[in-house]
Amino acid sequence: MCGIVAAAARREVSEILLEGLRRLEYRGYDSAGLALLDNERNLLLHKQLGKVAELERAQQLEPYYGCTGIAHTRWATHGEPSAVNAHPHTSGARVALVHNGIIENHQQLRARLQEQGYQFVSATDTEVIVHLLHSHLIQGLGLVDAMRETVSLLEGAYALAVIDVEHPDEVVGARQGSPLVIGVGIGENFLASDPMALRQVTDRFIYLEEGDLALVTPADISIWNEAGERVRREKIRIDEAVESADKGAFDHYMLKEIYEQPRALAATLALDARHRVADELFGEGAAAVFDKVQAVQIVACGTSFHAGMVARYWLEELAGLPCQVEVASEFRYRKRVQHDNTLLVTISQSGETADTLAALRDAAPGDFLASLVIANVDNSSLVRESDLVFLTRAGVEIGVASTKAFTTQLVALLMLTIALGRRRGLSEDRATDLVNALQRLPEYVQETLELDRDIEDLSEAFIAKHHALFLGRGIQYPIAMEGALKLKEISYIHAEAYPAGELKHGPLALVDNNMPVVAVAPGDDLLEKLKSNLEEVRSRGGELFVFADRQAGFASEPRVRVLNMPHCPEVVKPIVYTVALQLLSYHVAVQKGTDVDKPRNLAKSVTVE
């Protein structure tokens, strides 16, 4: 969601801060700002509603320069998107602060500060923090001690970075429930909410832990833990090449990332020398854990939740393991009963999804046999705090609507199913068949991409529609859910998904000639029942769009348009059909003229509850 970049250097840093914000634009935001301390210790501030480009224009018209500064992209929580509500927030022309997260007790703190004479100009919870910090600074505390006193009064989640005119070479940061990293340089050091923001200036990072407070200057880095003890945190070098943020020949990042899926899927499918799924792919000690697993609990949000729903079919059918799948934001807030020796599996593209991370932390010692995370970002919070880790190889995903991250998650989950299944009666022959299907998966996806023009033609029928219905049976039901989510995310068409057998239990009342119905019909043993469900739609005037295996026996006819999909093994069809639905939503959004890569109100990485 929101993005933080901060610098303390011996050189001018305004362009470093702006470039950091550009690199965080993919996360989703509505306003941007920066604050700098110049050589005369003046606090200089630019804040703009809209894109980082607006902030750049303000900086060009009235250039501000300094060696110490903070910058931010905001995704509105408290207060509407506006320049006034944008970060950084200031107090007393002395201190400026940026914040990711939500402060739950901000109203009580606001009332207390107003009694002390502080005046508020924004509707944000963040302004409370900066005035609270100022109140401690004017009592004579140093910047570090003032920050420590301030965060001790906060309830909620935060990543903070602050500068003070009385401490011109210092940036102080604090982290609780929202990510913050230190970028280590030579004669300069940095803070950011995401290492990507700083890859143009460093490849060395220190990941702050929960409750940490950090002081960075051009020459030094100091870190204290929640208990106030001076600590050392591991310095990690990120060696991977920074992927180009250029769209290349594609009009949008989303389309580029859809087309990158054959490569990403192949990269994620790591096999041992015998072309088997090795336990070690999931981390040291995975074999001992997998030997004991008697059940699986999957916890995730959004698209990752849909991946978990697909995995439930695989785990129960192929591995013979009971599997529960739950939305992370609900998982934490109910009484739970679970099997002994349950493996907790969390799924997150960023590894920083707030609700999923909170669910992992909420699991008391002994509740689960072990925790395994499937994520796309190494050294993220979920990765650092889980017992076992499987990193997908999707590469950087810029588009807010997840594409290649989702399909690589499915590959990882099928690999997990194979690893667990071998211990539960999955024969070597069957395991070999599954691996062979995975190895050919990039080929099947490439065949699907070659249907792009046909899918674009189908999309024209959705442009003037306001609602759509997606149907699937069995393992294709969560794929229908993912297709509906993609359509609503980027085209703003209201779309819902149902198991096809549920039509007569309510959704059929919505069907008319203004309600396009998309059916995922791969040609499995539920095909005949699905055909009956589709006839119910057609007989009520509905227009059908059927994504069907070319060998399934579907043919286009009046009010039924069929897209013939590649014939492929049943086990990988959820992944293959997902790609076609991604293309459908993309083309509908393009023709409706929406912002495909940055849909309104949404953020790439949801780091607040």
Within the set of pairs 6 or more residues apart or between chains, which connect a residue that is more than 19 Å from Q261 (Cβ to Cβ) inside region 448-462 to a residue that is basic (K, R) with Cβ atoms less than 7 Å apart? L458/R561
Say whether the condition of being in a loop (DSSP other than H, G, I, E, B), under 20 Å from the mean Cα position of the chain (by Cα) and in the same structural domain as V184 (by TED's automatic domain parsing) is met by at least one residue in region 31-44. no
Could you check, for region 214-228, whether at least one of its residues is under 17 Å from L17 (Cβ atoms) and of a type in the set (D, E)? no
Looking at (1) under 30 Å from L191 (Cβ atoms); (2) at pLDDT 90 or above, can you tell me which one I238 breaks? (2)
For region 133-173, the count of residues that are at positive phi and under 29 Å from the mean Cα position of the chain (by Cα) equals 1
Mind checking whether some residue in region 521-540 is at pLDDT 75 or above and under 32 Å from the mean Cα position of the chain (by Cα)? yes
Do we have V162 as assigned by TED's automatic domain parsing to the domain that holds P218, surrounded by 24 or more Cβ atoms within 10 Å (Cβ to Cβ) and over 14 Å from A96 (Cβ atoms) here? no
Just one of E188, E170, E104 is in the same structural domain as A35 (by TED's automatic domain parsing) and either among the aromatic types (F, W, Y) or at pLDDT below 95 (or both); which is it? E104
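A quick yes/no check of all residues on (1) in contact with a Leu (Cβ under 7 Å, 6 or more places away or on another chain); (2) closer than 29 Å to V435 by Cβ; (3) of a type in the set (F, W, Y); (4) touching a residue at least 60 places away in the same chain (Cβ under 8 Å):
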| site | (1), (2), (3), (4) |
| --- | --- |
| S304 | no, yes, no, yes |
| W314 | yes, yes, yes, yes |
| D340 | no, no, no, no |
| V345 | yes, yes, no, yes |
| R361 | no, no, no, no |
| F368 | yes, yes, yes, yes |
| V373 | yes, yes, no, no |
Selected residue [among the charged types (D, E, K, R) and modelled with pLDDT of 90 or more] from E25, E62: E62
Looking only at residues in region 1-46 that are among the hydroxyl-bearing types (S, T, Y) and either touching a residue at least 60 places away in the same chain (Cβ under 8 Å) or touching a Cys at 6+ places or on another chain (Cβ under 6 Å) (or both), which one is surrounded by the most Cβ atoms within 10 Å (Cβ to Cβ)? Y29
Given (1) of a type outside the set (D, E, K, R); (2) touching a helix residue (DSSP H, G or I) at 6+ places or on another chain (Cβ under 7 Å); (3) surrounded by fewer than 22 Cβ atoms within 10 Å (Cβ to Cβ), where does V144 come up short, assuming only one miss? (2)
Within region 462-474, identify whether any single residue is among the hydrophobic types (A, V, I, L, M, F, W, C) and in the same structural domain as A405 (by TED's automatic domain parsing), and answer yes or no. no
Kindly indicate the residue of region 77-93 that is buried (at least 18 other Cβ atoms within 10 Å of the Cβ) and assigned to a loop (DSSP other than H, G, I, E, B) and also modelled with the highest pLDDT among those meeting that condition. P88
Odd one out for L471 among (1) of a type in the set (A, V, I, L, M); (2) in a helix (DSSP H, G or I); (3) within 27 Å of the chain's Cα centre (by Cα): (2)
When you look at D272, is it surrounded by fewer than 19 Cβ atoms within 10 Å (Cβ to Cβ), more than 28 Å from A359 (Cβ to Cβ) and in the same structural domain as S427 (by TED's automatic domain parsing), yes or no? yes
Please pick out the residue among D30, D38 that is charged (D, E, K, R) and in contact with a Pro (Cβ under 7 Å, 6 or more places away or on another chain). D30
Which numbered condition trips up E330, out of (1) on the phi < 0 side of the Ramachandran plot; (2) more than 20 Å from the chain's Cα centre (by Cα)? (2)
Taking into account only those residues within region 375-407 that are out of contact with any strand residue (DSSP E or B) (no Cβ under 9 Å at 6 or more places or on another chain) and either of a type in the set (V, I, T) or in the same structural domain as L581 (by TED's automatic domain parsing) (or both), which is nearest to L581 (Cα to Cα)? T403
Assuming R424 fulfils every condition listed in (1) of a type in the set (D, E, K, R); (2) in a loop (DSSP other than H, G, I, E, B); (3) crowded, with 16+ Cβ neighbours inside 10 Å apart from one, which condition is it? (3)
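The values are calculated or read from the model by the stated rules, or taken from the named source; none is laboratory data. The model shown is predicted, which means the values in this text are computed figures rather than measured ones. Glycine gets a Cβ as well: all are built from the backbone with ideal geometry, and neighbour counts include every protein chain shown.
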